[in-house]
Amino acid sequence: MENANTLRLDKAAPLGGLLAIIGGVIMATTGTLWQSYIYGWLFMAGLTLGALGIVILHNVIRATWSLSILRLAEAAASPLSLFLMFLSWIPIATVGLKEIYLWADPVRSAGDHVLHNKAFFLNPSMFIGCSIAYFAFFIFMSNTLRKSTIRQDQNKDVTESQKRANIASPGLLAFAVVVTFAATHWAMSLEPHWFSTVYPLLSLIGQVNCAVAIATLILCVNANREPYKGIVNAKLTKDLGNILFATTMVWAYLTLSQFLIIWSGNLPEEVPYYRLRAELGWQFLGWILIWGRFFVPFFALLAPKTKRYANTMKWVCIWIILMHILDVFWLVVPGFERGGLFQSIRLGDVGALIGFFGLFLVGFSTEVKKAALVPTHDNRLRENLDHA
Amino acid sequence: MPSHTGYQDNLIDGQHNYETITDRIGTVVLDQSKFNPNSEVGKKWINAFLFGFLGVNVLMLVIGWLVYQGIGIWGNNQPSAWGFDIINFVWWIGIGHAGTLISAILLLMRQKWRMSINRFAEAMTIFAVMCAGLFPLLHTGRPWAAYWLFPYPNWLAMWPNFRSPLVWDVFAVSTYFTISLLFWALGLIPDLATLRDRAKSKIAKILYGFAAMGWNGSAKHWHRYEQAYLILGGLSTPLVLSVHSIVSFDFAVSLLPGWHTTVFPPYFVAGAVFAGFAMVLTFAIPVRKWYKLEDFITMRHIDWMCKIMLATGLIVCYGYGCELFYAYYSGSPDEKFMIMNRMAGPYGWSYVLLIVCNLAIPQILWSPKMRQNLAVVWMVSQAVSIGMWLERFVIIPVSLHRDFLPSSWGMYVPTWADFSMFFGTIGLFFFLMFLFLRFLPMISIFEMRELYHRDKEAPSKNSHKHAHHHEPAAVTAGGDDQ
């Protein structure tokens, strides 16, 4: 009955390390080091935090769909992964800070009265102090919840679930608040004059959507292998498909709301954000996202047939992940004002994706081996299997 | 969440069978003694009904005077061109949302517990939208020309401005009302047939029979019914999001600090569900006791509704937090002034009360013990209803009364007409709700029988759990919740 972990990840950690080095070299040698670095880092941080969101949410709602991807999400957002994210954040907060953030550079931001007005929040010490607090909170949540599920796998003590719910319910609330501040510090302040109150929610939902897609992809690829054999059935893929469908819709809903409100307001402090993204070829990326990030997965997942088979779900997940990569590009890169879309596609950004994906892989593959892929503390997935 | 449904324990308390379920719910309508003013429950009904009737009369008088005199009898002025009328409109529309959430979204999520509360929550939706619709209609000043809002071929060279969310509102609210009404009426048909078959009086037989549209319970009827119900469920689901999002656009697309903020759509939707559940609890708690329906609307239902209220309330408070933080982060003096004026300006009391009602008091619901205390839950629901009304007060006149130019500032003071019209719509809502309790089954009889079948007639609970998880793949994947 014990589920041996058979994801073939033995060589993934060294491979991840190698990718991280290759990515680092590409970034360092192509001239856009810090811009590419923050793009790659935000992509990885987003995935990790999206996964952490799933872990916390699961411990509040305890649904079957989230149970099926719990161990993958836990590994993606493990204390080790978060620690790697923290380590790779240190260069941003030190040597790269002035390069990346306009507000951190006293020369470039001199005489800017808007930045002066928000200097209490946007200054290097606040950025570093708050970020350390964000990481401490993320690592605390991840560590507490993961340790408890692993403990419960062993001792089958049902009070553990309740204890986790007691932490995770207020934890979810705190997570929303911390992510809001973190998204503002790390991402929104890349264009420091601009602000949008829905931005943190919007970026969080995109990350959760992509994290679910990655976990579902792993499940679907291994559907015929232990321990997922029999567990990944039409009902489960449908539930996961519906979650992807719902998060895709919420993403589109929030994106449209933000656009509509800013477009119709047409205020000088807000509209440059879209102005920048509506010309010099960037508008094509915008259209690709409207179609690719929303309509394609929307119609694909609307069809019951897609969700019934692991094989078709796999392709939808890959598509969503690719679109999310473009989405983060769209959110982050236009702010660097490199010029048009085609001038803005740089090798360094590809290197950043490779490097940070490698780093993510190191954390994920090391941690995913440490616990049974199908949790044994909650028998619902196994019951499916026993009666199949 | 969707998969959780298989683990719910019984949703019907007490010893029941098909017969007693039909009896217990059906007799509320069919048994005349329940409405006899000499009986205890009859007295309660008649008092509530008379309260509603009084409100309706007040409403008619005010509307009559308003149409004669014009909307100058309200407290609206410049700069506060929107006052009680729009506050009440948004408040009522919001209240309707719980009904749609329960009937549509919970249906798609296969949440069986919705079955005992959907009927009267849907009724609340319809009545709340009726109350809501009155306000913008009358605010046009010439309600007899309200049809100009629709794009129809005409010689007046009148065409609605489709870039205005006020026009979107017309479509959103009228669609919402139509779909909700159809959904509700369709869900009633099998029960109307039950009432037709059980009614003793001839008139009742004829009227229920007419409304049941020839329903005979055949497999074909059920098949069609299930299909139509799911389609309407699918149509209603986006409405939960779209209607209140569009209402929020009424404010957000403007340039006014306090209105123009991107978090408004999700924050309004959460607020609507929050207020809606508060109103469902406000009615459900006394009514289940009066008519002895505790076996159907169980403490478990109350518990779940409290949890939804708590969760949506926290989202709303997240919205308050965002407004506060980003007013600072914007670096804009106008945004900062707006938030300071909200908290410490002449209407600062309303912001403090709002935080007490929507943020502080609902936190009681974290305690499972308190969620089981009906008096506490009822009081919290009242606080939420008041808080959500205050929220719209804080957003609308408080943002309007002091905008960019101090020379154009002013105060907003509602008049007797504002208060009586608000009271009047509360009366109308009561009036319609208690008529509904009198003539239609407030809990879906056939769905409760279905639930009974699922819970008690399945061979054993355990095997049922497994059975739930072993529905044939084709059925689950291609079936109910697409």
Item to complete: Would you work out the charge dipole size for the protein assembly as shown about its Cα centre, treating the Cβ of every Lys and Arg as +1 and the Cβ of every Asp and Glu as -1, and quote it to the nearest 20 debye?
Response: 1640
Practice prompt. May I ask you to derive the relative contact order of chain B, considering only C-alpha pairs under 8 Å and at least 6 residues apart, and to give it as an integer percent?
Written response: 31
Fill in: Net charge contributed by nearby residues that have their C-beta within less than 10 Å of residue A:195 (K/R +1, D/E -1)
-3
Item to complete: Report the one residue of B:251, B:208, B:236 whose Cα lies farthest in the direction of the positive end of the charge dipole of region B:201-331 (charges on C-beta: Lys and Arg +1, Asp and Glu -1; origin at the Cα centre).
Response: B:208
Worksheet item: What is the average number of partner chain Cβ atoms found within 10 Å of a Cβ in A:244-254?
Response: 2
Discussion item. Restricting to DSSP loop positions (anything but H, G, I, E, B) with no more than 16 other Cβ atoms inside 10 Å of their own Cβ, which trypsin sites (Lys or Arg not before Pro) remain in region B:165-255?
Written reply: B:200
Discussion item. Test of the criteria: in region A:60-160, which trypsin sites (Lys or Arg not before Pro) are in a DSSP loop and have at most 15 other Cβ atoms within 10 angstrom of their Cβ?
Written reply: A:108, A:156
Discussion item. Could you derive backbone 3J(HN,Hα) for region A:295-301 from the dihedral phi with the Karplus parameters 6.51, -1.76 and 1.60 (θ = phi - 60°), listing whole Hz in sequence and x where the residue is Gly or Pro?
Written reply: 4, 4, x, 4, 6, 4, 7
Worksheet item: On a 0 to 90 degree scale, rounded to 10, what angle separates helix B:374-395 from the longest Cα axis of chain B?
Response: 30
Discussion item. What is the angle, in °, between the Cα long axis of helix A:124-155 and the longest principal axis of the Cα atoms in chain A? Nearest 10 is fine, range 0 to 90.
Written reply: 0
Discussion item. Placing unit charges on C-beta atoms (Lys and Arg positive, Asp and Glu negative, everything else neutral), compute the dipole magnitude of chain A about its Cα centre in debye, rounded to 20.
Written reply: 980
Worksheet entry | Over chain B: helical MRE at 222 nm, DSSP H runs n ≥ 4 each giving -39500 (n - 2.57), nearest 500 | -22000 deg cm²/dmol
Discussion item. Sort A:137, B:120 by Cβ crowding within 10 Å, fewest neighbours at the top.
Written reply: A:137, B:120
Worksheet item: How many percent of the alpha carbon pairs in chain A exceed a separation of 39 Å?
Response: 15
Worksheet item: Restricting attention to region A:315-388, which GluC sites (Glu not before Pro) occupy a DSSP loop and are surrounded by at most 11 other Cβ atoms within 10 Å?
Response: A:337
Practice prompt. Quickly estimate the mean residue ellipticity at 222 nm for chain A, helices only: each DSSP H run with n ≥ 4 gives -39500 (n - 2.57), and the total goes over all residues, rounded to 500.
Written response: -23500 deg cm²/dmol
Worksheet item: Among A:134, A:162, A:115, whose Cα lies farthest out toward the positive end of the dipole of region A:92-167, if unit charges sit on the beta carbon of Lys, Arg (+1) and Asp, Glu (-1)?
Response: A:162
Worksheet item: With charges set only on the Cβ (+1 for Lys and Arg, -1 for Asp and Glu), what does the dipole of chain B come to about its Cα centre, in debye to the nearest 20?
Response: 920
Worksheet, complete the sentence: Relative contact order of region A:68-176 (C-alpha contacts under 8 Å, at least 6 apart) in percent is 27
Item to complete: Net charge near residue A:61: determine it from the other residues with C-beta under 14 Å of the C-beta of residue A:61, scoring Lys and Arg +1 and Asp and Glu -1.
Response: +2
Practice prompt. Treating the angle as unsigned and between 0 and 90°, give the value, to the nearest 10°, between the Cα long axis of helix A:347-368 and the longest Cα principal axis of chain A.
Written response: 30
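Throughout, read-outs are computed from the coordinates displayed, never taken from laboratory work. This is a predicted model, so every value here is computed, not measured. A quick note on method: Cβ atoms are made from the backbone with ideal geometry, for glycine too, and the neighbour counts reach across all protein chains shown.
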